[in-house]
Amino acid sequence: MSIYDVFSGGRPFNKEEWAAQKQEQRKAAYELIDNTCSEMMANGDSFRQYLDVQGHFDRYSVNNAILVSAQMPEATQLKDYGSWKQSRAYVDKDAQKITILEPGKEYEREDGSKAVGYNAKVVYDISQTSAKDRQQPQENKTMRELVSAMIDASPVSFVPVDDLELPAFYDSAQQTIFIKTGLNEEQLFVSMAKEVSAAVFDFKHKESRDASEFKSFCVAYMVSSRYGVDTKGFNFDKLPKEFEGMETQEFKGQLGSMRDVLGEIQSDMYKSLEKNKPPKSKEQER
């Protein structure tokens, strides 16, 4: 018996068996994505659940946000077994596994075009590890800080208006967001988030306001949810009629454009919040 047999409990590594297992995991992940998409298109609660996950994991692909939403929507921090170990945290014996997809090797299709294959990867949430008691509390931002960051994230200017019928409105012809005066900071942030999203869709992605109306609503929800802003005013009981019977790839394309705009706004807001962060006191630095 070789030293490798000792480490593997006497059973030699079977590459074909391992490859078949990975293939089965990948197949199951794609089936879960398709099934979850069908549910999301028909069920507002499932759709909202996905938005919560994508808003928190804004750098995750649409596919992976769907997978997390389907398996553990309450997850907050995900790493594989080895990464948790490097962080000096240990995965619980009965931890819930979450399967996501990670890019693999590039390959050439039959038509000569290049593509990237994806492999199944098992990750665990921090709640399933010994690090669950070491979680750092999220630093809460004031509404004033969030409003200021949203202003910095906008690609167009704002103009206050006394008699505006809506809380806020993006006028694509004038490339201006008009804001109703007298709103409280929370109303202001939510209204601005939707109109800034519409402006980004129009100004940067050449997508008309009418075409992006619902998607701007979704992006505003994700941004608000991420920063703990009250989202009671968002209703997903009735999804757009065009979602009914939509092909899965087209539906994921719509989700992908939301994710792209979300990422742009989140990135600009983060830079603004970091730039305007008050300096730490000597007591905080200790």
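The values are calculated or read from the model by the stated rules, or taken from the named source; none is laboratory data. Bear in mind that the values here come from a model prediction, so they are computed numbers and not experimental data. Note: ideal-geometry Cβ built from the backbone for every residue, glycine included; neighbour counts use all protein chains shown.
Step by step: first the residues of region 232-253, then only those that are in contact with a Phe, Trp or Tyr (Cβ under 8 Å, 6 or more places away or on another chain) and outside any loop (DSSP other than H, G, I, E, B), then the one that is modelled with the highest pLDDT. Which residue is that?
Top of the filtered list is PHE251.
Please find, among GLU213, GLU207, the residue that is outside any helix (DSSP H, G or I) and farther than 17 Å from ASP58 by Cα.
Exactly one residue qualifies, and that residue is GLU207.
Go through (1) surrounded by fewer than 18 Cβ atoms within 10 Å (Cβ to Cβ); (2) closer than 30 Å to SER257 by Cβ for GLN23 and report which single condition fails.
Among (1) surrounded by fewer than 18 Cβ atoms within 10 Å (Cβ to Cβ); (2) closer than 30 Å to SER257 by Cβ, the lone unmet condition for GLN23 is (2).
Do any helices (runs of 4 or more DSSP H) entirely within region 20-122 hold 3 or more residues that are of a type in the set (Val, Ile, Thr) and not assigned by TED's automatic domain parsing to the domain that holds TYR227, and if so, which?
Values: elements: 44-56, 62-71, 81-86.
Answer list for region 20-122: 62-71.
Those residues that are over 13 Å from PRO167 (Cβ atoms), in contact (Cβ under 8 Å) with a residue 24 or more places away in the chain and acidic (Asp, Glu), I need them from region 180-226; list them, please.
ASP202, GLU207
Report yes if GLU165 is of a type in the set (Asp, Glu), assigned by TED's automatic domain parsing to the domain that holds TYR270 and surrounded by 13 or more Cβ atoms within 10 Å (Cβ to Cβ), otherwise no. Break it down stepwise before answering.
Working: of a type in the set (Asp, Glu): yes; assigned by TED's automatic domain parsing to the domain that holds TYR270: yes; surrounded by 13 or more Cβ atoms within 10 Å (Cβ to Cβ): no.
No, not satisfied.
Would you check if ASP52 is more than 22 Å from TYR270 (Cα to Cα), of a type in the set (D, E, K, R) and touching a residue at least 60 places away in the same chain (Cβ under 8 Å)?
Considered against the rule, which asks whether it is more than 22 Å from TYR270 (Cα to Cα), of a type in the set (D, E, K, R) and touching a residue at least 60 places away in the same chain (Cβ under 8 Å), ASP52 comes out as no.
Inside region 180-202, can you point out the residues that are outside any loop (DSSP other than H, G, I, E, B) and over 16 Å from MET258 (Cβ atoms)?
LYS180, GLU185, GLU186, GLN187, LEU188, PHE189, VAL190, SER191, MET192
If I ask for residues that are among the charged types (D, E, K, R) and either in contact (Cβ under 8 Å) with a residue 60 or more places away in the chain or surrounded by fewer than 15 Cβ atoms within 10 Å (Cβ to Cβ) (or both), which ones from region 119-162 would you list?
Within region 119-162, LYS132, ASP133, ARG134, GLU139, LYS141, ARG144, GLU145, ASP152, ASP162 meet the criteria.
Of everything in region 131-145, what is farther than 14 Å from MET269 by Cβ and either in contact with a helix residue (DSSP H, G or I) (Cβ under 7 Å, 6 or more places away or on another chain) or of a type in the set (Gly, Ala, Ser) (or both)? Give them in sequence order.
ALA131, LYS132, GLN135
Does VAL229 count as touching a residue at least 60 places away in the same chain (Cβ under 8 Å), closer than 20 Å to ASP52 by Cβ and assigned to a helix (DSSP H, G or I)? Steps first, answer last, please.
Values: touching a residue at least 60 places away in the same chain (Cβ under 8 Å): yes; closer than 20 Å to ASP52 by Cβ: yes; assigned to a helix (DSSP H, G or I): no.
No; evaluated as a whole, the condition is false for this residue.
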